[in-house]
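Read through the structure below, which is laid out as structure tokens, and then see the notes.
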Amino acid sequence: MNLHAAGIDVGAAHHFVAVPEGCDPDGRDVREFGAFTTDLQALAAWLTTCGVETVAMESTGVYWIPLFELLSQRGCDVKLVDPRQLKHVPGRKTDVLDCQWLQQLHTFGLLAAAFRPDDAICVLRGYLRQRAMLVRYAADHIQHMQKALEQMNVKLPEVVTDITGVTGMAIIRAIGNGERDAQRLATLRDARCHHDQATIARALEGTWREEHLFALRQAVDLFDVYQGKIAECDHSIEACLQGFADQRAGDALPPEPRPSKRPRNTPAFDVRTHLHRLTGVDLTRIDGIDGHGALKIVAEIGLDMTRWATDKHFASWLALSPGNKISGGKLLSSRTKASANRVAAVLRMAASTLHHSRSALGAFFRRLKARLGAPKAITATARKLACLIYNMLKFGTEYVDQGQHYYEQRYQQRVLSNLSRRAQELGYRLVKTPESSPVEA
């Protein structure tokens, strides 16, 4: 029971607030406030006058963020509620009835608060989400460059794996600066390029129409702008990571388990070292999890794993656990529920990269993929990755890969144990056949 609870219906221009009956000195249990900062301050002052200790509000767009932050700074316990819990409002749906229904449900403790990490993690999460948005915008302009090249019949994407690589950008910038000779453009080829200079020169013979060249130059300029903004984001993210407390307890960072070149679109600084200092464990030891992916996960879930009672609760929150839609004692569906959780997306992407891994996780993924198909195998492997990350962050344990052979041996023992038990139930006994001797030639 929350006897001193209030409900707020959040909007873009107005907020409707309901408090318990008799709390307002003027007898007005529902009031309307504007969305300006002075209005929000007046709303918070009115809640303090009414003796409100906890508030429930809908997570409507981004309109709730200023009010949520203001009330939290005032010491009020604010619960952000999923709108799906409130869609069945009794009677006609109005803003007044919405806030009153929120207040009533919150009074009786019938609303579950949405997850929101600590404020310091929210800052890191904001930087990373901004960076991801800039990467998406930069990718749009890569497509614009490809479109302009195709319109000029310049087949650069066919002879270069990535047009934003060393060879591709050198040729594109030279075209933008006025170079039209295909032989001279082909000399800009990097030595690591698979195609030879003659093939690249043939691909660079095009029709140099001015409108397409104009579109290409603008796409290159916008791509460079976004690359600069991404670099600024990297500086802000690194500065934010340096502000967290050191959780290593004197433990040194072990060598990188899978040394490789830095993938594209990853931060330019040493993410792995900062994460080890921040969490006290090395999440990149888990197969499929790189530094950038681990940073995204930590920025979304934070460091306090006590928000979830067990790793099963954590996997269910990520919508990676099987469903249990049951009616009349019959299981109707076990599909995982639809979710746009960013952590689940990172884990699914990590799971899909384990197909050729010679680790225990790779063997687990391949076995499930052969039996259930790729989508279910990816979901099951992502759930296993989530449980590993949960236990590492909560208990500070390091992950040790047992290897593919160990996993396959354990799986074989488990299958034999199940077959032996089933045979005994039917009155039979399993007997191992002697190995056949090799046939002489």
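General remarks:
- The residues on offer are 280, 328, and the sole one that is surrounded by fewer than 19 Cβ atoms within 10 Å (Cβ to Cβ), more than 26 Å from residue 229 (Cα to Cα) and outside the structural domain of residue 384 (by TED's automatic domain parsing) is 328.
- Residue match in region 392-413 (condition: β-branched (Val, Ile, Thr), farther than 27 Å from residue 255 by Cα and at pLDDT 85 or above): no
- Within this structure, residue 189 fails the test of being in a helix (DSSP H, G or I) and either closer than 21 Å to residue 265 by Cβ or of a type in the set (D, E, K, R) (or both).
- For first residues located in region 79-95 and assigned to a loop (DSSP other than H, G, I, E, B) and modelled with pLDDT of 70 or more, partners that are surrounded by 10 or more Cβ atoms within 10 Å (Cβ to Cβ) and not aliphatic (A, V, I, L, M) and lie 6+ apart or on another chain with Cβ distances below 7 Å form the pairs 82/59.
- Taking the criterion of being out of contact with any His (no Cβ under 7 Å at 6 or more places or on another chain) and either modelled with pLDDT of 95 or more or in a loop (DSSP other than H, G, I, E, B) (or both), the residues of region 279-291 that qualify are 280, 281, 286, 287, 288, 289, 290.
- Verdict on residue 354 being surrounded by fewer than 20 Cβ atoms within 10 Å (Cβ to Cβ), assigned by TED's automatic domain parsing to the domain that holds residue 279 and at pLDDT below 95: no
- A single member of 27, 51 is modelled with pLDDT under 90 and over 34 Å from the mean Cα position of the chain (by Cα), and it is 27.
- Some residue of region 108-127 being touching a Pro at 6+ places or on another chain (Cβ under 8 Å), surrounded by 16 or more Cβ atoms within 10 Å (Cβ to Cβ) and either farther than 20 Å from residue 304 by Cβ or of a type in the set (Val, Ile, Thr) (or both): no
- Residue check, residue 381 crowded, with 22+ Cβ neighbours inside 10 Å, of a type outside the set (Lys, Arg), more than 24 Å from residue 128 (Cα to Cα) and under 19 Å from the mean Cα position of the chain (by Cα): yes
- Any hit, region 44-58, residues being aliphatic (A, V, I, L, M) and surrounded by fewer than 17 Cβ atoms within 10 Å (Cβ to Cβ): yes
- Residue among 163, 142, 172 that is within 26 Å of residue 263 (Cα to Cα) and either at pLDDT below 95 or assigned to a loop (DSSP other than H, G, I, E, B) (or both): 163
- Where residue 73 falls short, out of the listed (1) surrounded by fewer than 17 Cβ atoms within 10 Å (Cβ to Cβ); (2) within 30 Å of residue 228 (Cβ to Cβ): (2)
The values are calculated or read from the model by the stated rules, or taken from the named source; none is laboratory data. Please read all numbers here as calculations on a predicted model, not as lab measurements. All Cβ positions, glycine included, derive from the backbone under ideal geometry; neighbour counts span all protein chains shown.
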